[in-house]
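Every read-out reported here was derived from the displayed coordinates using simple, explicitly stated rules and does not represent laboratory data. This one's a predicted model, so the numbers in the text were calculated from it and none came from an experiment. Heads up, the Cβs are rebuilt from the backbone with ideal geometry, glycines too, and the neighbour counts pull from every protein chain shown.
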Amino acid sequence: MKTIEEVVNNSRNFWDDQEPEEGHFERFSVKLELRRQARSVKRSIVPYLLRAAVVTLLVTLSSLWTWDHFIRPDSRRMSLGQVSPQYKEVENYYIHQVNLMQDEIVNTDIQNSPEQKEMLISELKSMDSVYVSLQKELKANPNDERIISAMIEHYQTKLEVMTIIVEQLKAIRKDNTNIEENEKITL
């Protein structure tokens, strides 16, 4: 059997002396141009439509997620401020005091162990899980004075614990400064 190379090489004289018909190159370039235009129209619209659909879907899903997790108030819980204006003032006072103490704890420099600082902050946040369950109970029973007083006691207890922590951190800071001053004096 002959290979393709042998056939082409043997027939080279036949093909080399033949010229294409007149206007062949013009017709060929017109056909190429028509194919290129047909392909470019098909290729240009579909990917853009798909990209637009994907972007629209992503924006919609992220908007819904943001609404669900950040903007929409949690309908399963109820705060003291929703019970009465007096309780709203009490709640605002304790929230303000807790935030002040928390800022003081966060801004306190625990030089020896940042891990302890992180653990302390996470423990304070875990105290709020009790408050969240109280808020859910308040939603179920909005006029139950026992739940309202438990919520206020939670704020008081949290504030007391945070005050003790801040005092201990100040004492540690004072001891550290005294030690540093003594070291400077001995040098």
Distance (nanometres) between label positions extended 7 Å along Cα→Cβ at TYR93 and ALA38
8.3
What is the helix-to-structure angle for 85-107, meaning the angle in degrees between its Cα long axis and the longest Cα principal axis of the chain, kept from 0 to 90 and rounded to the nearest 10?
80
Neighbourhood charge, 14 Å Cβ-Cβ cut-off, centred on TYR94 and excluding it, Lys, Arg +1 and Asp, Glu -1
-3
Given 0.36 nm per residue, what is the gain on full extension from SER62 to ARG173 after removing their alpha carbon distance, in nm?
35.5 nm
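Using 0.36 nm per residue, how much length does the chain from GLN86 to VAL132 gain when fully extended, once their Cα-Cα distance is taken away?
Values: separation 46, 0.36 × 46 = 16.56 nm, distance 2.04 nm.
Gain on stretching GLN86 to VAL132: 14.5 nm.
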For the chain, longest principal axis from Cα atoms; helix 24-66 axis from its Cα atoms; angle between them, nearest 10 degrees, is 10
With a bin width of 10 angstrom, please list the P(r) values of the range 145-187 as percents of all Cα-Cα pairs, from the 0 bin to the one holding the largest distance.
26, 25, 19, 15, 10, 5, 0
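So how strong a dipole does the chain carry about its Cα centre when Lys and Arg Cβ are +1 and Asp and Glu Cβ are -1, to the nearest 20 debye?
Roughly 880 debye, rounded to the nearest 20.
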The chain - mean residue ellipticity at 222 nm from DSSP helices (-39,500 (n - 2.57) per run, n ≥ 4, rounded to 500):
-28000 deg cm²/dmol
